[in-house]
Structures are given as structure tokens and as C-alpha cells.
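Below you'll find the structure, written out as C-alpha cells, and then a few comments.
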Amino acid sequence: MSEIFKSGIVALVGKPNVGKSSLINRIIGEKIAIVSDKPQTTRNRIGGIYTTEHGQIVFYDTPGIHKPLHKLGQYILKVATSSLLGVDLLLVMVDPTDGLRESDRLVATHVNGSRVPVFLVINKIDAYSDGKLLHNFSENASRLFENVLERFYISAEKGTGVDSMIEAIFKFLPSGKLLFPEDYITDRSSRFMASEIVREKVLLHTHQEIPHSVGVSVQEFKDEGELLRIRADIVVERNSQKPIILGKGGSMIKLIGSDARRDMEYIFDQKVFLDLFVKVREKWRDKDSMIQEFTNLKDELS
């Protein structure tokens with residue numbers, strides 16, 4: 001450890017699908033946050049713990065700030081906005097390929113109200129060839145957000161610019177001690193990770209109305225030494241959605257299960273037996289008790 005050890009908490013914020021989860025996975029070097037092209041993939045605040053000889057940064061991946069359409073959306077927005085409190089720095093992510101939209105202005109309202117220092121992160125620069133337009137976008141984004149100390153141009157997918165951004169974060173943070181043991185890479189439990197992996201595979205393999213209305217509840221998580229036995233329920237809102245998850249002759253549920261099991265065995269470094277069931281719970285996204293059961297939000301919202 002260096003003589004002056006830095007530590008602090010940094011929250012990644014922005015509209016949905018701006019690349020927050022991809023960035024945190026890139027920084028940590030392991031997959032701790034699920035990623036998909038579906039809006040509102042992230043529902044929880046997920047901590048990625050980055051430790052070097054210089055210090056420790058706890059990066060919090062947060063849900064995209066959006067206008068909620070149901071009670072679950074209200075809960076997710078509450079998680080996102082509460083993540084702005086009690087942190088040392090905000091990494092505000094914007095996407096030049098999508099331009100500045102009303103959703104970015106909604107993010108700015110919450111970010112500016114927090115009065116927390118901001119590093120503005122312009123993501124996906126690898127997909128943006130016009131340097132002048134990129135500069136103009138950056139200037140407009142800087143005017144939208146207050147308390148911007150520095151700007152960074154990065155590609156979360158390819159890693160461009162990420163190292164220099166981390167170096168600047170360490171320079172900004174105060175001296176401090178370890179917030180988590182130095183071998184930790186996330187503040188989330190293995191049970192949580194298992195449920196998120198299953199949900200990611202549902203998002204990956206299904207389309208139409210399924211992604212937004214799916215929940216996952218881990219019913220059994222049992223370590224038997226050489227084998228990790230996991231039983232989980234995939235929950236949907238309508239009877240018509242159940243056969244989509246199951247697939248013809250059970251083909252879809254088998255595909256979801258095999259993909260999820262492969263990721264789990266890599267992450268947990270253990271052989272996994274995964275048993276999945278599909279259940280229908282009508283309008284669960286508008287029912288408090290079901291939201292807490294099927295989204296891992298109970299601890300965050302208590």
C-alpha cells in the first residue's frame with residue numbers, strides 16, 4: 001500500500017442504456033452488473049470495488065433515471081436518486097450517439113440538486129467519428145450539468161480513456177482507509193448475483209413485452225461442497241407470457257438455464273445445478289410485496 005491511501009464512493013448516473021453497467025464491468029475486470037440492450041436493465045444499486053496499492057474506489061452502478069410508468073418504476077427511480085446521496089463524486093454519463101434528450105435533462109435536475117461534484121463522462125466515442133460534433137456535444141452537456149470539474153472521453157466497451165479517468169478519480173478522492181476487504185470486487189451476495197444472471201439471460205433471449213415484466217426469485221441457494229444447487233422462479237405478469245419463456249418443448253427455458261449456469265460456474269468457480277420454474281403473478285410490478293420479492297429491492301427500500 002502507498003503512504004497516502006485514497007478511498008471513496010463514486011456513483012455512476014445517467015439515463016437508461018448510456019453504458020453505466022458496461023463501464024463498471026470494464027473497471028472491475030469482472031462481470032458484476034448484467035448488461036443488455038433493453039432499457040431499465042439495472043434495477044438495483046450494485047457496488048463494484050476497485051482496489052489498488054493507491055487506494056480503493058467503490059463504484060455504484062445505478063438504475064437509469066427515468067419517468068416511472070408503474071410502482072416498480074417508482075421504486076427504481078427512488079433507488080437511482082437516493083444513490084446520489086452520501087457519495088464523494090458523480091460520474092455522469094452521456095451518449096453523443098443518442099444526443100441530449102429530455103431524459104438527460106431529467107438526470108440533470110437530480111444531479112444538479114444533489115450538489116455533488118461531477119466528472120462528465122462522454123461514452124461511446126468509438127462510434128463517433130466527427131471530432132467537431134463531439135466537441136459541440138460535450139460543450140452542450142457541460143452546460144446542462146452543474147459542478148462539472150472535468151470531462152472524459154471514453155469507450156466503456158473498448159476501454160479507451162478509462163485508465164486516465166480512474167487516475168483522475170484517485171487524485172480527487174480524499175485520503176482514507178479500506179471500505180471493504182481488498183479481495184472483494186462487489187458488495188452484492190452470490191444469491192443476488194445468481195438471480196441477476198438468470199434475468200440477464202431472459203432479457204437476452206426474449207423480446208416484445210417480456211423483458212420489462214420479468215422478475216426472478218431465488219428459492220434455494222445451497223452449497224453442497226463440490227456442487228452449488230440453485231432453484232429459482234422466473235416470474236411474469238400474464239399467462240400469455242409463460243409459454244414464451246418456456247419455448248416450444250421447453251427449448252427457451254433450457255437455453256436460458258444453460259447460459260445462466262455457464263456464467264454462474266465461471267463467477268462462483270463451482271459446478272452449478274440450476275433448476276428454473278416459470279410462474280405467473282398478475283400485475284406484480286404494481287404490488288409492493290411482490291416487487292420486493294422478485295427484484296431484490298427489499299434491503300434497499302426498507
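The values are calculated or read from the model by the stated rules, or taken from the named source; none is laboratory data. Since the model is a prediction, treat every value here as computed from it, not as a measurement. Here Cβ is always computed from backbone atoms with ideal geometry, including for glycine, and neighbour counts include all displayed protein chains. Ligands, DNA and RNA are excluded from the accessible area calculation, which covers all protein heavy atoms including side chains. Shrake-Rupley method; radii C 1.70, N 1.55, O 1.52, S 1.80 Å.
For the stretch 55-65, the Karplus equation 6.51 cos²θ - 1.76 cosθ + 1.60, evaluated at θ = phi - 60°, returns couplings of x, 9, 10, 9, 8, 9, 7, 10, x, x, 6 Hz by residue, with Gly and Pro reported as x. Here's the picture: charge each Lys and Arg Cβ at +1 and each Asp and Glu Cβ at -1 in the chain, and of N147, S83, G176 the one pushed furthest to the positive end of that dipole is S83. Accessible surface for H212 stands near 80 Å², nearest 10, in the context of the full protein assembly shown (1.4 Å probe). In the stretch 6-172, with Lys and Arg counted as +1 and Asp and Glu as -1 at Cβ, which of these residues, G29, T109, V10, has the Cα nearest the positive end of the dipole, that is, farthest along it? So the residue furthest toward the plus end is T109.
Between L178 and E53, the simple spin-label model (points 7 angstrom out along Cα→Cβ) gives 1.6 nm. Would you kindly state the longest site-free stretch of the chain, with sites defined as GluC sites (Glu not before Pro) in a DSSP loop (not H, G, I, E, B) surrounded by at most 10 other Cβ atoms within 10 Å? Longest gap between qualifying sites, sites excluded: 54-223. Around N239, what is the net charge, scoring Lys/Arg as +1 and Asp/Glu as -1 over all other residues with Cβ under 12 Å from its Cβ? Within the 12 Å Cβ shell, the charges total +2. Here the extension length gained between F221 and R115 equals 34.0 nm, from 0.36 nm per residue of separation less the Cα-Cα distance. Put a plus charge on the Cβ of each Lys and Arg, a minus charge on the Cβ of each Asp and Glu, and nothing anywhere else: the dipole of the chain about its Cα centre is then about 1040 debye. Length available on full extension from K78 to S129: 0.36 nm per residue minus the Cα-Cα distance, which gives 14.7 nm. Distance between the modelled labels on S190 and H205, one decimal in nanometres: 2.3 nm (7 Å Cα→Cβ projection). Of all DSSP bridge pairs formed entirely within the chain, close to 35 percent run antiparallel. Any idea which of F268, L227, L203 is furthest toward the positive side of the dipole for the stretch 186-302, if Lys and Arg beta-carbons carry +1 and Asp and Glu beta-carbons -1? Farthest towards the positive pole: L203. Under 20 Å from the 7 Å Cα→Cβ point of N140, by amide nitrogen: which residues of the stretch 9-25? Zone members listed by number: 14-19. Beta bridges per DSSP, both residues in the stretch 190-301: antiparallel share near 45 percent. Using the Karplus relation 6.51 cos²θ - 1.76 cosθ + 1.60 with θ = phi - 60°, the per-residue 3J(HN,Hα) values for the stretch 271-280 come to 5, 10, 9, 10, 10, 10, 10, 10, 10, 9 Hz, with x marking Gly and Pro.
By the rule of a C-alpha distance below 27 Å, with chain neighbours fewer than 8 residues away ignored, the lysines paired with K254 are K31, K38, K201, K222, K242, K271, K279, K283. Near Y128, once Lys and Arg are set to +1 and Asp and Glu to -1 for all other residues with Cβ below 14 Å from its Cβ, the sum equals -2.
Counting charges near L91 (Lys, Arg +1; Asp, Glu -1) among other residues having Cβ under 12 Å from its Cβ returns a value of -1. Annotation: amide H-H contacts under 5 Å for L228 (H modelled 1.01 Å from N, sequence separation of 5 or more, or interchain): K271, V272, F273.
The accessible area of K171, taken with all protein chains in place and a 1.4 Å probe, comes to roughly 150 Å².
Among the protein heavy atoms, those of T52 account for about 30 Å² of accessible surface (1.4 Å probe, every chain in place).
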